[in-house]
Amino acid sequence: MNRLKINVFCNLTCTGIEDILKTVSFAGDIDIKFCDMFEDAAGFCVLLTESVDEALAFKGASVKKVRPYSIYIGDSKLAENRCDYLDDIWPASENANVTKSRFRKIINNIKDSHDAWFYKNLYTTVIDSIPELSWCKDIKGLHYNVNTAFAEVVHKSKAECEGKDHYYIWGVDKEEHAGGELVCVDSEELVLKEQRTIKLDETLATPDGMMKLVTYKSPVFNEFGDVIGTVGVAHDVTSLANAQHENDLLIESVPFPVIVVDSNWRTKIINGTMRRLLQLKGPVDNFDYLTWKKYFLTPVSEPVVNAEHHYVNQIFASNDNSVNFAFQLNEQDIIDVFGEVTGHIIIPRKLGPRGEMHVVDEDTPKQSEHE
């Protein structure tokens, strides 16, 4: 993909130099082709000539899809006023090993120039292909570049973002920012200080409203191990966060107990009705559903398993003698789009002495207490 092809044209009265150059070998990703006709010129082309005028004309030629390099071979005095326009000047006669070294250097310079363009273009293509916001900043916090998604969100062109700081691009007032919560500028200072990738949740005001972002930021180092800036990628989770908030409100508002756990049965959500039922006062993490089920309840029926709809029903009696009712526990698997179980929703339904359903009220005696 990154293979470099270079055409070499030798317009010389003596073939000795060309013969020497043909003996020089290069890395496997560099192909050198010696050509006779300028009509073959395409891509990277190197001309070796004994005419200063020809070298300058070749260098200055405006030919589509040609990157010309000109080397004048002869008396340097003839080119002393125009040497800045030439890529190199070689003497007409010198040791063969020196000539080989000169040729290697100019080919390697072409390779370095090609690689710089290739990897910059590859980087730009990659970041412009992703829907996430991506950017690169120098150590002062000025944007080196941004991707298309970033530019669209801030309603500015890429060129308008280059060389500008966070405040200008996002329209943030420095005075209002001072003393505020951890946001872009502060987190980048943390990245520079700790010299590691960090992940954080960020909330930003944009021209189109508030955005909730999950952001990854990493330090950028130079060849000597010094930090010279940061790169960042931010995933817009605004819609997901809104959906989660709506889901939480829905679970909280239903008039019956609900517990949501993850795939390892760790508690994620307990709605208010369940909290009142158990008189829970501590954080959600303090409630262990499996422990409560094992030590505070006793099964009085066989489990009813519905494999098609991924749920289990079973009736339990409370181990608290002051409680004269039972629970019907419905454990419903949460299945993702790949068919994997990502969690469970538990609905404990209160049953009366004859198995009738009861509406949970705030006077229900407690079953357990987790401070």
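No lab work stands behind these numbers, since they all come straight from the coordinates. Keep in mind that this is a model prediction, so the values were computed, not measured. Neighbour counts are summed over all protein chains in view; Cβ atoms, including those assigned to glycine, are modelled from backbone coordinates with ideal geometry.
Worth a mention:
- FRET efficiency, Ile198 to Ala317 (Cβ-Cβ, R0 45 Å, nearest 0.05): 0.35
- In units of the rule-of-thumb radius 2.2 N^0.38 Å, the range 130-236 shows an alpha carbon radius of gyration of 1.01.
- Restriction of the trypsin sites (Lys or Arg not before Pro) in the range 94-166 to DSSP coil positions whose beta-carbon has at most 12 other beta-carbons within 10 angstrom yields Lys140.
- Cross-link table Lys156/Lys268; Lys111/Lys158; Lys120/Lys193; Lys59/Lys164, entries beyond 30 Å C-alpha to C-alpha: Lys156/Lys268; Lys59/Lys164
- A simple spin-label model places pseudo-atoms 7 Å from Cα toward Cβ; at Lys5 and Ala92 they are separated by 3.6 nm.
- Extending 7 Å from the Cα toward the beta-carbon at both Thr13 and Glu152 defines two label points whose distance is 6.3 nm.
- Residues of type aspartates and glutamates that Lys212 reaches as a straight line, Cα spacing below 18 Å, ignoring anything fewer than 8 places off in the same chain: Glu132, Glu152, Glu181, Asp186, Glu188, Asp201, Glu202, Asp236, Glu246, Asp248
- Per residue, the convex hull spanned by the alpha carbons of the range 246-358 comes to 116 Å³.
- Cα centroid separation - the range 201-227 against the range 1-66, whole Å: 45
- Full extension of the chain between Lys22 and Ala243 yields a length gain of 72.9 nm, computed as 0.36 nm times the residue separation minus the alpha carbon distance.
- Based on alpha carbons, the Rg and Dmax found for the range 1-73 are 12.4, 37 Å.
- Rh (Kirkwood; distinct C-alpha pairs) - the chain, Å: 27.9
- Applying 0.36 nm per residue to the separation of Ser301 and Lys140 and subtracting their alpha-carbon distance, the gain on full extension is 51.2 nm.
- Principal axis analysis of the Cα atoms in the range 4-126 yields extents of 48, 30, 26 Å, listed in decreasing size.
- Taking the helices alone, the chain has a mean residue ellipticity at 222 nm of -9000 deg cm²/dmol, built from -39,500 (n - 2.57) per DSSP H run of at least 4 residues and averaged over all its residues.
- Neighbour counts of C-beta atoms inside 10 Å place Asp75, Asp285 in the sequence Asp285, Asp75, starting with the fewest.
- Where both bridge residues fall in the chain, DSSP classifies roughly 75% of the beta bridges as antiparallel.
- Taken about its Cα centre, the chain carries a charge dipole of roughly 580 debye when the Cβ of each Lys and Arg holds +1 and the Cβ of each Asp and Glu holds -1.
- Which of Met210, Met37 has the fewest Cβ neighbours within 10 Å, and the rest in rising order: Met37, Met210
- Per-residue extension of 0.36 nm, minus the Cα-Cα distance of Arg104 and Val126, leaves a gain of 4.7 nm for this segment.
- Taking the C-alpha atoms only, the angle from helix 184-194 to the longest principal axis of the chain is near 70 degrees.
- Projecting the Cα atoms of Thr203, Val304, Val63 onto the charge dipole of the chain (Cβ charges, centred on the Cα centre) puts Val63 farthest toward the positive pole.
- Least to most buried among Glu188, Glu18, Glu340 (fewest other Cβ within 10 Å first): Glu340, Glu18, Glu188
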